[in-house]
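K.L.:
Here it is: the structure, laid out below.
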Amino acid sequence: MKKITLIIFIVFASITSFSQSFGNAIRLNGQNDFFEIPNDFVLGESNFLTFESWIKPCDTLGDQAIFSRSNCSNTYGYSLSLIGGQLVWIWSTAQNCSSKGRFRSAVSVQPNVWQHIAIVHSTSTGLQFYLNGQPIPGIADLGSAASSIWVAQTPILVGVATDGQSPLAGYFDGFIDEVRIWKTGLTDAEILSRYNSSLNGNEMDLVAYYNMDANSVNGAGQTISNNATVSGNIIDAQTHGSNASPIFDMHSNSSCSAAPNGVVNYFLETAIHPNTTSNEVLITFNGIKQEVSATLYNTNGQILTSKNYGSVNTIRLEMKYPKGLYFLKLSTASGDAKMIKLIRE
């Protein structure tokens, strides 16, 4: 019995240290943070593309972009988003803005948990999502699963999306790490063998790799080194946001309850009354007045109402909706955020 116990302990310890081998991650605040990879033709992703990364979304409501290259306004392209908890892959199938493919996962991503996600787009083998190294089922809503991508000649954005004309939208709220782009459709075995460990950077067909490990200074204008040797610093990325965010922290230290801008969270002492409600709720905040925005979602992740308030420490929200569970996301311009569950009786 002692021998069996020892063997189990050794295997468990190996798995634990293996899963904690990553260094820094980037924290995006869901409001104005993202990073940008320069446009470069070395990607060559029209027929074969794999994107993978580790993500820890602080919530899974609404539409949050993980990875995108402008997909309309005569530039076409693709995007991977988290919509109501599902991974959604959209790509341009022809040289116009109306021809698109849409593929979504049948398994949901969980909030406040580190998960590895990947999408493989291959004209040879089709489309495949992965979650924590394992293939998961997907649903094709539009287009052919084997069609080529009309590639946009625009930068790649991580943590936000654009259609080439509209303002940036779909900001990601959470942590991202180990961003990898391949110019091939990786196999199940290749995804599984490498998803839980860092790369050397010289792997075949790896064209971009951002592990954030060299980053220690927060804020906009910071360079995130590309560690893929085939392309090198020609596609180093740049952060966008404010003087205080995005922030870089240890992968293992990531916490969605901490303020993303490194200051005391404005919403730490938020009071909600009544909750459960039959009509409206009164929400009172801690301390100094700040400009607050409030977005109400249903359980499908659909936005029911969104409003920007002035400099306040109290807001009143009418709940003119059917009985049930709702989610209210509060945020400030300084980057503080809080998600509240509301019950309408």
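The values are calculated or read from the model by the stated rules, or taken from the named source; none is laboratory data. From a predicted model like this one, the values you see are computed outputs, not experimental measurements. Every residue, glycine among them, receives a Cβ derived from its backbone with ideal geometry; neighbour counts consider all protein chains shown.
K.L.:
For residues in the stretch 97-113 being touching a residue at least 40 places away in the same chain (Cβ under 8 Å) and within 29 Å of Cys256 (Cβ to Cβ), which is surrounded by the fewest Cβ atoms within 10 Å (Cβ to Cβ)?
P.N.:
Residue satisfying both the conditions and the ranking: Val113.
K.L.:
While we're here: Return yes when Ile117 is in the same structural domain as Ser197 (by TED's automatic domain parsing), closer than 30 Å to Asn215 by Cα and either assigned to a loop (DSSP other than H, G, I, E, B) or not charged (D, E, K, R) (or both) and no when it is not.
P.N.:
So Ile117 passes the test.
K.L.:
Considering only the stretch 114-143, how many residues are among the aliphatic types (A, V, I, L, M), surrounded by fewer than 19 Cβ atoms within 10 Å (Cβ to Cβ) and farther than 17 Å from Gly301 by Cβ?
P.N.:
4
K.L.:
Right, next: Might you check whether a residue that is within 18 Å of the chain's Cα centre (by Cα) and among the β-branched types (Val, Ile, Thr) occurs anywhere in the stretch 160-174?
P.N.:
Checking the stretch 160-174: at least one residue is within 18 Å of the chain's Cα centre (by Cα) and among the β-branched types (Val, Ile, Thr).
K.L.:
Within the stretch 304-345, count every residue that is in a loop (DSSP other than H, G, I, E, B) and crowded, with 18+ Cβ neighbours inside 10 Å.
P.N.:
Total meeting the criteria: 4.
K.L.:
Scan the stretch 288-311 for residues that are within 28 Å of Ser108 (Cβ to Cβ) and modelled with pLDDT of 80 or more and jot them down.
P.N.:
The answer is Ser293, Ala294, Thr295, Leu296, Tyr297, Asn298, Gln302, Ile303, Leu304, Thr305, Ser306, Lys307.
K.L.:
Further question on the same structure: With respect to Asp141, determine if the residue is outside any loop (DSSP other than H, G, I, E, B) and at pLDDT below 90.
P.N.:
yes
K.L.:
Determine whether the stretch 128-146 contains at least one residue that is in the same structural domain as Ile37 (by TED's automatic domain parsing), in contact with a Leu (Cβ under 6 Å, 6 or more places away or on another chain), in contact (Cβ under 8 Å) with a residue 60 or more places away in the chain and more than 30 Å from Ser306 (Cα to Cα).
P.N.:
yes
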